[in-house]
Amino acid sequence: MPGASDGHPDIHWPSGFSPEHAHGFCQSQAVVHAPPVTAFALLVDVTRWPEWVPGVTEVVAGPLARTFEVRFHGQRFEIFLGEHVPPRRLGWSGVGAGVQLYQAWLLTAVDDGTHVVCENVVRSPVSLGASSPLWARRLNTLGTTQLRRLSESAPGGRPCRAASPGPDTNG
């Protein structure tokens, strides 16, 4: 089980979704060659996720403001925006497929673009033993690929420069 020190100290976690409460935790970080406002705008344009977010094949607006549904690896997830502080912080929770997910983004301006930290936690209250490692691996792959594609989708389209990898704890 990951400890609180595994996460970035500036990431805000909703109750029950911190790394110490997770069954799986992963962190990815990189420098994206675009300003924070551009990177943030790409992240919140959820209608375009199927074009560039791995595993996402469909996005539908939800019944409430700042909610939507996604099809992620063939499973339906209801997504609720938890934190929205442009262009610095973003976080959303997802519920579906017997797991609960939370993805947090922290964007900080640096000389050559934006330093982006993406952290993901997985909670599997229903099928803890079977699905937690699978979803943690999927989220780890998702985070690193999102960072690469985020940089490629930004104006100029240069590959991102990966920072040191963070913890990858799969339960």
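All of the numbers you see were taken from the coordinates with simple rules; none came from a lab. Being a predicted model, the structure only gives us computed values, none of them experimental. As a convention, Cβ positions derive from the backbone with ideal geometry for all residues, glycine included, and neighbour counts pool all protein chains shown.
State, to one decimal in nm, how far the label point of Trp52 lies from the label point of His12, with both points 7 Å from Cα in the Cβ direction.
If labels sit at Trp52 and His12, their model points lie 2.5 nm apart.
Could you give me the ³J(HN,Hα) list for segment 71-85, computed from phi with Karplus coefficients 6.51, -1.76, 1.60 and θ = phi - 60°, whole Hz, x at Gly and Pro?
9, 10, 6, x, 10, 7, 10, 8, 10, 10, 5, x, 9, 9, 10
Along Cα→Cβ, 7 Å out, is where each label goes; now give me the distance between the ones at Asp45 and Arg76 in nm to one decimal.
2.8
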